[in-house]
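Every number here is computed from the coordinates shown, using simple stated rules; none is lab data. Model, not experiment: these values are computed from the prediction. Cβ: placed from backbone, ideal geometry, glycine included. Neighbour counts: every protein chain shown.
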Amino acid sequence: MTNRQPGLRERKKAATREALSWAALCLAVERGLENVRVEDIAAAAGVSPRTYNNYFSSKAEAIVSRHRDRTLQAAEALRTRPAEEPLWEALTHALVAPYAGAAEEPDPRWVAAVRLLMREPSLQAELLRGGGAVRAELTAAVAARTGTDADRDLYPKLVASAALSALQVANEHYLAADPVVPFQPLFAEALRQLAAGLPDPSSR
């Protein structure tokens, strides 16, 4: 299965977008969302405020984009997984891979600060706003892999929605866990349980 590799311009744009999103998150965690200006984010990422505005329309969009882009990246990766690989195995590889850089031993102070940050109404609204587009992309990737219709068949929609629910639950568990736990294995376990059909815990 082939996949077109992004050109230099696309890679540079993706790197700038990632740098801006990461800077926005770090500054918001450090100072609080209301105390961060667009100029601060642009300076931290080494670009101009005008460049920032070419990528994002708000601070909330910049912060949430990392989460959204990872899922879109996973949808694209799913299309390139080996054809003989079972669906849920391929889906787990694709969805978990973007989190490979996550800390194996998260800083409790960072997790606590992100937990507070994600209570911001503007961030919650931004997550909801882009959720439909993300689900549509993942649904299309599942449909392409399974030979189903993304618009007319229930199956790809159910798979994509279940996988995204696992991501949401894993993230909520990660932010609430005490002591802190690494995110990547937590997410992988959530997907593993889904793939197994969510067996009754008492029967394991």
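Observations on the structure shown:
- Here the Karplus curve 6.51 cos²θ - 1.76 cosθ + 1.60, taken at θ = phi - 60°, turns the phi angles of the stretch 64-73 into couplings of 6, 4, 4, 5, 5, 5, 5, 6, 5, 4 Hz, with x standing for Gly and Pro.
- In the chain, the longest principal axis of the Cα atoms and the axis of helix 108-117 are about 90 degrees apart.
- Structure-based [θ]222 nm, the chain - -39500 (n - 2.57) summed over DSSP H runs of at least 4, per residue, nearest 500: -23000 deg cm²/dmol
- Fluctuation leader among E89, E105, E61 - the chain, Gaussian network, Cα springs under 10 angstrom: E105
- Tensor-based shape of the stretch 120-204 (alpha-carbon gyration tensor, a/c under 1.5 rounded, otherwise prolate or oblate): oblate
- Here the extension length gained between D200 and L117 equals 26.4 nm, from 0.36 nm per residue of separation less the Cα-Cα distance.
- Rounded tilt (10° steps) of 8-31 against the dominant C-alpha axis of the chain: 70 degrees
- Cα-based shape type of the stretch 7-56, given that a ≥ b ≥ c are square roots of the gyration tensor eigenvalues and the cut on a/c is 1.5: prolate
- For A160, the shell of other residues with beta-carbons less than 10 Å away shows a net charge of +1, using +1 for Lys and Arg and -1 for Asp and Glu.
- 3J(HN,Hα) along the stretch 150-165, derived from phi through the Karplus expression 6.51 cos²θ - 1.76 cosθ + 1.60 where θ = phi - 60°, amounts to 5, 8, 9, 9, 6, 3, x, 5, 5, 5, 4, 5, 5, 5, 5, 5 Hz, with x in place of Gly and Pro.
- Rounded, prolate or oblate (a/c below 1.5 giving rounded, otherwise prolate when a/b exceeds b/c) for the chain by Cα gyration tensor: oblate
- Taking Lys and Arg as +1 and Asp and Glu as -1, the other residues whose beta-carbon sits under 12 Å from that of W88 total +1.
- Calculated FRET value between R31 and A97, using beta carbons and R₀ = 35 Å, to 0.05: 0.65
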